[in-house]
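The values are calculated or read from the model by the stated rules, or taken from the named source; none is laboratory data. Since we're looking at a predicted model, the values are computed, not measured. Cβ coordinates were reconstructed from backbone atoms using ideal geometry, including for glycine residues, and neighbour counts include every protein chain displayed.
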Amino acid sequence: MNKPKIVILGAGYGGMITCKRLEKLLKAGEADVTLINKHDYHYLTTQLHKVGAATAADRQIALSIPELIDSQKTHFLKAEVSSVDTNKQEIHLHGGDLITYDYLLIALGFEIETYGIPGIKENAFEIRSFKSSKAIYHQIIKQFNLYKEDQDPSRLTFVVAGGGFTGIEMVGELVDAMPKLCKEHDIPFEKVKIIAIEGAPSVIPFFPEPLIQYTTEFFQKHNIELITSKKILACTPEKISLEDGVDIPTRTVIWSCGVKGNTIVERFGLPLQKGKILVDPFLRVKNMKNVFSIGDCSCFMKNEKDSLPPTAQVALQQAPVCAKNIVATIRGEELKPFEYHHKGSVASLGTKAAVGLVGSLRLSGLFGAFMKQVIEARYLFNLGGIPLIIKQHFHVKREPLKVSAK
Ligand SMILES: Cc1cc2nc3c(=O)[nH]c(=O)nc-3n(C[C@H](O)[C@H](O)[C@H](O)COP(=O)(O)OP(=O)(O)OC[C@H]3O[C@@H](n4cnc5c(N)ncnc54)[C@H](O)[C@@H]3O)c2cc1C
């Protein structure tokens, strides 16, 4: 009998951890596993803001997939998925190739939500992939060089739009990075302006007041101009426009105002809810027995009204259950329903501070930053054990990574 063929689409948090779990759960020769991703590296999405500010080596954030998987158990294919036909059990790849499957996991992640605001898609920078985040760093250096030619202050004005988690993490990273970058590129640091814009009355409005206060004071201490309660109306290559007629001349807007599911899934003909693949309690696509979906491109309803948020924490808790359920389906065993347990959230403000809430415990400052490191190290441990933690902290390659796909 032919071995069942499992195909995983996307090597982000959800896809990677499912793959590692399958390597452990499947008996030798029980199934063939293929992991498909558009790059040959797995990027740590929760640390992409560091790529934007160049505060981490490329290989600390983008890990080689062939080095993470067991090539005896998983076949890795670097390719971009263009569509899926669940009737024929086929995956279509850019370039025309076609892969068949018996069991499929769709874990294709997120896209940036621009809410249709004019000029954002064309002119703002996104913290979405390794490449899009690297473009932020290149933009900073480009503007430094152009400033030396024309002394236009808008070149040294960097706007971070969105005061949620990603936005404050990006600001924190710029705070850490700017003095060094200015020194390296001979730019007067005192002329650099970082502006944070948030439509709500405060940054991280979903957090308790003392943590909002801490973050606001952190911004003040580091001369970050914070604009709140103002909606962004448009963005051009030279300025960002806010309501009440406020225009801010800038060449660099970093957009971190929200995400949506990867819109590629709209082409798959699967049941969708708010643009994401609707899954049942076992993480299978609704009304399907052999197609699963997890992470940011999927919609798991926690009750009749609300779905789980698009976070790494959700994807990482879903992955082991999904792996078990794929194996149980192959073996004809009972499947396990997925249950989410929120463990808390911590947002970094550069390397020396963070704010977070774990249960009812509020974290801030250096202790918060330490906890953030623990969370990141824990992920590396799950992915590759102690050797991966040691490698990522001490033996990581320093040369820049060559990137091609978006
Ligand atoms: C800066 C930042 C900070 C964050 N911080 C936190 C945090 O502190 N805590 C938290 O819980 N969450 C955080 N998040 C959210 C978290 O990163 C996401 O929820 C998580 O990455 C989702 O995992 P995923 O596996 O669904 O998708 P991803 O990790 O996005 O992986 C999707 C993968 O699919 C690949 N892919 C996409 N399209 C194709 C295609 N057509 N063909 C082939 N491959 C494709 C991508 O290259 C990628 O490798 C943060 C996000 C950002 C951007």
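What are the residues in segment 70-97 that are out of contact with any helix residue (DSSP H, G or I) (no Cβ under 6 Å at 6 or more places or on another chain), basic (Lys, Arg) and in a loop (DSSP other than H, G, I, E, B), if any?
Lys88
Please name all residue pairs, on different chains or six or more residues apart, with Cβ atoms under 6 Å, provided the first residue is in segment 173-189 and is of a type in the set (Gly, Ala, Ser) and outside any loop (DSSP other than H, G, I, E, B) and the second residue is surrounded by 18 or more Cβ atoms within 10 Å (Cβ to Cβ) and at pLDDT 95 or above.
Qualifying pairs under 6 Å: Ala177/Ala53; Ala177/Thr55.
Can we say Thr100 is buried (at least 17 other Cβ atoms within 10 Å of the Cβ), in the same structural domain as Met288 (by TED's automatic domain parsing) and of a type in the set (Ser, Thr, Tyr)?
Here the answer is no, as Thr100 does not meet what is asked.
Is it the case that segment 348-360 has a residue that's more than 21 Å from Gly10 (Cβ to Cβ), over 22 Å from the mean Cα position of the chain (by Cα) and surrounded by fewer than 17 Cβ atoms within 10 Å (Cβ to Cβ)?
Yes; the residues of segment 348-360 include at least one that is more than 21 Å from Gly10 (Cβ to Cβ), over 22 Å from the mean Cα position of the chain (by Cα) and surrounded by fewer than 17 Cβ atoms within 10 Å (Cβ to Cβ).
Restricting to segment 97-112, name every residue that is within 15 Å of the ligand (Cβ to nearest atom), farther than 30 Å from Cys257 by Cβ and in contact with a Ser or Thr (Cβ under 9 Å, 6 or more places away or on another chain).
Answer for segment 97-112, where residues must be within 15 Å of the ligand (Cβ to nearest atom), farther than 30 Å from Cys257 by Cβ and in contact with a Ser or Thr (Cβ under 9 Å, 6 or more places away or on another chain): Ile99, Tyr101, Leu104.
Go through segment 360-406 residue by residue and tally those that are among the hydroxyl-bearing types (Ser, Thr, Tyr) and closer than 26 Å to Ala135 by Cβ.
Of the residues in that region, 2 qualify.
So, in segment 56-69, how many residues would count as being under 14 Å from the mean Cα position of the chain (by Cα) and either within 8 Å of the ligand (Cβ to nearest atom) or in a helix (DSSP H, G or I) (or both)?
Residues that pass the stated criteria total 1.
I'd like the residue in segment 285-310 that is in a loop (DSSP other than H, G, I, E, B) and surrounded by 17 or more Cβ atoms within 10 Å (Cβ to Cβ) and, out of all such residues, is farthest from the ligand (Cβ to nearest atom).
For segment 285-310, the residue satisfying everything is Asn290.
Pick from segment 1-55 the residues that are within 12 Å of the ligand (Cβ to nearest atom) and part of a loop (DSSP other than H, G, I, E, B): which of them is farthest from the chain's Cα centre (by Cα)?
Asp40
Step by step: first the residues of segment 140-152, then only those that are surrounded by fewer than 18 Cβ atoms within 10 Å (Cβ to Cβ) and among the polar types (S, T, N, Q), then the one that is farthest from the ligand (Cβ to nearest atom). Which residue is that? Don't jump to the end; show me each part of the working.
So in segment 140-152, the residues surrounded by fewer than 18 Cβ atoms within 10 Å (Cβ to Cβ) come out as 141-142, 145-146, 148-152.
From what's left, among the polar types (S, T, N, Q): 145, 151.
On the way: Asn145: 26, Gln151: 32 Å.
Only one residue tops the list, namely Gln151.
Mind checking whether some residue in segment 85-93 is near the ligand (Cβ under 10 Å from one of its atoms) and surrounded by 21 or more Cβ atoms within 10 Å (Cβ to Cβ)?
yes
Being buried (at least 16 other Cβ atoms within 10 Å of the Cβ), closer than 30 Å to Ala177 by Cα, among the charged types (D, E, K, R) and more than 16 Å from the ligand (Cβ to nearest atom) is true for just one of Arg128, Arg155. Which residue is that? Please lay out each step first, then the result.
On the way: Arg128 fails: more than 16 Å from the ligand (Cβ to nearest atom).
Result: Arg155 is the single residue among Arg128, Arg155 that is buried (at least 16 other Cβ atoms within 10 Å of the Cβ), closer than 30 Å to Ala177 by Cα, among the charged types (D, E, K, R) and more than 16 Å from the ligand (Cβ to nearest atom).
Out of Leu388, Leu383, report the one residue that is over 30 Å from Gln213 (Cβ atoms), within 13 Å of the ligand (Cβ to nearest atom) and either of a type outside the set (A, V, I, L, M, F, W, C) or in a helix (DSSP H, G or I) (or both).
On the way: Leu388 fails: within 13 Å of the ligand (Cβ to nearest atom).
After applying the criteria, what remains is Leu383.
Condition check ((1) assigned by TED's automatic domain parsing to the domain that holds Met178; (2) of a type in the set (A, V, I, L, M, F, W, C); (3) in contact with a His (Cβ under 8 Å, 6 or more places away or on another chain)) across all residues:
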{"residue": "Lys231", "(1), (2), (3)": "yes, no, no"}
{"residue": "Ala234", "(1), (2), (3)": "yes, yes, no"}
{"residue": "Glu238", "(1), (2), (3)": "yes, no, no"}
{"residue": "Ile264", "(1), (2), (3)": "no, yes, no"}
{"residue": "Gln273", "(1), (2), (3)": "no, no, no"}
{"residue": "Pro281", "(1), (2), (3)": "no, no, no"}
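Pick from segment 13-32 the residues that are surrounded by fewer than 24 Cβ atoms within 10 Å (Cβ to Cβ) and of a type outside the set (Lys, Arg): which of them is nearest to Val265 (Cα to Cα)?
Asp32
If you go through segment 322-361 one residue at a time, how many are in contact with a Leu (Cβ under 6 Å, 6 or more places away or on another chain) and part of a helix (DSSP H, G or I)?
So the answer is 5.
For the list (1) within 16 Å of the ligand (Cβ to nearest atom); (2) closer than 23 Å to Thr46 by Cα, I need the number of the one condition that Met178 fails.
The number of the failed condition is (1).
Sort through Pro320, Pro310, Pro337 and tell me the only one that's in contact with a strand residue (DSSP E or B) (Cβ under 6 Å, 6 or more places away or on another chain), in contact (Cβ under 8 Å) with a residue 40 or more places away in the chain and closer than 30 Å to Ile264 by Cα.
So the residue among Pro320, Pro310, Pro337 that is in contact with a strand residue (DSSP E or B) (Cβ under 6 Å, 6 or more places away or on another chain), in contact (Cβ under 8 Å) with a residue 40 or more places away in the chain and closer than 30 Å to Ile264 by Cα is Pro310.
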